[in-house]
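K.L.:
Provided herewith is a single structure, encoded as structure tokens, for subsequent inquiry.
The values are calculated or read from the model by the stated rules, or taken from the named source; none is laboratory data. Quick caveat, the model's predicted, so the values are computed rather than measured. All Cβ positions, even for glycine, are placed from backbone atoms using ideal geometry, and neighbour counts span all protein chains on display.
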Amino acid sequence: MSHEETLSLKLRNLHETIQEYAIKSGRDPSAIHLMCVSKKATSSEIMQAIQSGETLFGENYAQDAIPKIQTIQQEIQHLSPPPKKTKFHFIGHLQQNKVKKIIPAFHRVDSVDSVQLANVISTTVDSLFNVDLCKTIPYPYPILLEIKTSKDTSKYGIAPQEVPSIIESILPMKHLQIEGFMTMATFTDQESEIRRCFSLLRSTKEEVESKFRIPFPVLSMGMTNDYPYAIQEGSTLLRIGSAIFGGSYEINP
């Protein structure tokens, strides 16, 4: 079996497994979307995934991602029939001095963890529109807030109790649109701790929706090792890399 066939089979099996877990959890499979985390994938592998029907990819590192995205955008133009619109989201920790490079290349930043970063993104979006780049980036520019539900000290994110005040500060930024929230569970094999992280994000979402009377539909949680639990706890977006592009992993039951 060729590498292309192997990748296509992985994706097909993954979608079938996601659907099975959704049905077991009493959820509509169509409400759960897949992001292919492609930080370790080559542009060729990403193209194979696109030709297999994937449309959404997540990247962590600007320096590596932007050249890949540029190559892929050029190659997509030569595909027949043309694929559905391919989108890249930035999911890594974003330094403020990298924002100007990130915004033109990505359709959303999923890792906003401070008012300061949100303000820099908003200002950058405004400046890009002033130089007529409005056809290449969405407006208002969508973001997710990264919430720290894990006990891991190395992880970034907003403390759950600070989310309402952060939202209050970002809502007046007319160039931005908060679409939802993202989190990473504690890296552990303890089901109760993983579920606690995901449940906390869901309850935080529900609380701020009630407070602000605004829908925040995206719950980005669940990766290769723990996505079955994320589905059960209400995830709408799974970020999966190793199960698609390789690497060492083990899926929790």
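K.L.:
Taking residue 218, is it touching a Ser or Thr at 6+ places or on another chain (Cβ under 6 Å) and either surrounded by 21 or more Cβ atoms within 10 Å (Cβ to Cβ) or in contact (Cβ under 8 Å) with a residue 12 or more places away in the chain (or both)?
P.N.:
Working: touching a Ser or Thr at 6+ places or on another chain (Cβ under 6 Å): yes; either surrounded by 21 or more Cβ atoms within 10 Å (Cβ to Cβ) or in contact (Cβ under 8 Å) with a residue 12 or more places away in the chain (or both): yes.
It is true that residue 218 is touching a Ser or Thr at 6+ places or on another chain (Cβ under 6 Å) and either surrounded by 21 or more Cβ atoms within 10 Å (Cβ to Cβ) or in contact (Cβ under 8 Å) with a residue 12 or more places away in the chain (or both).
K.L.:
So which residues in region 1-30 are closer than 27 Å to residue 43 by Cα, modelled with pLDDT of 95 or more and β-branched (Val, Ile, Thr)?
P.N.:
Result: 17, 18.
K.L.:
Across region 168-200, what is the number of residues that are surrounded by 15 or more Cβ atoms within 10 Å (Cβ to Cβ), among the small types (Gly, Ala, Ser) and touching a helix residue (DSSP H, G or I) at 6+ places or on another chain (Cβ under 9 Å)?
P.N.:
2
K.L.:
Another question, if that's okay. From the list 165, 210, 203, which residue is over 17 Å from residue 146 (Cβ atoms), out of contact with any helix residue (DSSP H, G or I) (no Cβ under 7 Å at 6 or more places or on another chain), surrounded by fewer than 16 Cβ atoms within 10 Å (Cβ to Cβ) and of a type in the set (Gly, Ala, Ser)?
P.N.:
Values: 165 fails: over 17 Å from residue 146 (Cβ atoms); 203 fails: over 17 Å from residue 146 (Cβ atoms).
Every option except 210 fails the conditions.
K.L.:
Could you please give the count of residues in region 105-162 that are part of a loop (DSSP other than H, G, I, E, B) and either touching a helix residue (DSSP H, G or I) at 6+ places or on another chain (Cβ under 7 Å) or touching a residue at least 24 places away in the same chain (Cβ under 8 Å) (or both)?
P.N.:
Within region 105-162, residues that are part of a loop (DSSP other than H, G, I, E, B) and either touching a helix residue (DSSP H, G or I) at 6+ places or on another chain (Cβ under 7 Å) or touching a residue at least 24 places away in the same chain (Cβ under 8 Å) (or both) number 18.
K.L.:
Could you tell me which residue of region 42-64 is modelled with the lowest pLDDT, considering only residues that are surrounded by 15 or more Cβ atoms within 10 Å (Cβ to Cβ) and within 22 Å of residue 182 (Cα to Cα)?
P.N.:
My answer is 62.
K.L.:
I'd like to know if region 160-178 contains one or more residues that are closer than 23 Å to residue 32 by Cβ, at pLDDT 95 or above and within 18 Å of the chain's Cα centre (by Cα).
P.N.:
Looking through region 160-178, at least one residue is closer than 23 Å to residue 32 by Cβ, at pLDDT 95 or above and within 18 Å of the chain's Cα centre (by Cα).
K.L.:
Could I ask something else about it? Specify which of the listed residues (29, 67) is surrounded by fewer than 17 Cβ atoms within 10 Å (Cβ to Cβ), over 19 Å from residue 240 (Cβ atoms) and under 20 Å from the mean Cα position of the chain (by Cα).
P.N.:
67
K.L.:
Check residue 108 against each of (1) among the basic types (Lys, Arg); (2) in contact with a strand residue (DSSP E or B) (Cβ under 6 Å, 6 or more places away or on another chain); (3) surrounded by fewer than 17 Cβ atoms within 10 Å (Cβ to Cβ) and name the one condition it does not meet.
P.N.:
Unmet condition: (3).
K.L.:
Kindly check whether there is at least one residue in region 116-132 that is closer than 26 Å to residue 33 by Cα and touching an Asp or Glu at 6+ places or on another chain (Cβ under 9 Å).
P.N.:
No, region 116-132 has no match at all.
K.L.:
Out of region 180-215, which residues are touching a residue at least 60 places away in the same chain (Cβ under 8 Å) and under 21 Å from residue 92 (Cα atoms)?
P.N.:
Answer for region 180-215, where residues must be touching a residue at least 60 places away in the same chain (Cβ under 8 Å) and under 21 Å from residue 92 (Cα atoms): just 182.
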